[in-house]
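Read-outs: derived from the displayed coordinates by stated rules, not from any lab. Only a predicted model underlies this, so the values are computations on that prediction, with no experimental measurement involved. So basically every Cβ, Gly included, is an ideal-geometry build from the backbone, and we count neighbours across all protein chains shown.
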Amino acid sequence: MHLDTRSRINLVELVSLGTLTSSLVHPRETFRRAVMRNSACIIVAHNYPSGEADPSTEDIKVTRLLHEAGKVLGIDMLDHIILGRDSFYSFKEGKEQKISIEKH
């Protein structure tokens with residue numbers, strides 16, 4: 001998700017479509033449109049086919065790589081979110097949280 005200086009989402013972009021067991025993520029593709037669209041910051045998100053929201057070792061490495069690339073480009077990566085079946089993990093918050101749906 002690309003955000004403007006007021007933290008409003010101005011673009012949601014699919015950067016990579018993974019397979020059952022992996023997805024290729026690189027700063028070049030992740031930040032390409034953010035640079036072209038003059039985005040102030042981005043939020044990265046992905047899911048696992050298993051429905052789990054626990055970050056893998058590779059998720060941690062990719063998050064650090066994207067964060068550093070964003071610093072170089074002057075485009076902050078506000079968060080990396082892993083979406084699970086009934087929970088999500090926020091790297092910014094550093095914890096998994098349950099998704100609750102309010103019924104009216």
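Helix 27-36 versus the longest principal axis of the chain: what angle, 0 to 90°, nearest 10, using Cα atoms? For 27-36 against the chain, the angle is about 60 degrees.
Sorting the segments 80-92, 28-40 by their residues' average number of neighbouring beta-carbon atoms within 10 angstrom, most packed first, yields 80-92, 28-40. The mean sequence distance of close C-alpha pairs (under 8 Å, at least 6 residues apart), as a share of the length of the chain, puts its relative contact order at 24 percent. Here the chain carries DSSP beta bridges of which approximately 60% are antiparallel, counting only pairs with both residues inside. In this structure, the amide hydrogen of D76, modeled 1.01 Å from its nitrogen in the peptide plane, lies closer than 5 angstrom to those of I42, counting only residues at least 5 positions away or on a different chain.
Helix 57-73 versus the longest principal axis of the chain: what is the Cα-based angle in degrees, 0 to 90, to the nearest 10? Compared with the principal axis, the helix lies near 30 degrees. Largest first, the three principal axis extents of the alpha carbons in region 1-102 are 34, 32, 21 Å in whole numbers.
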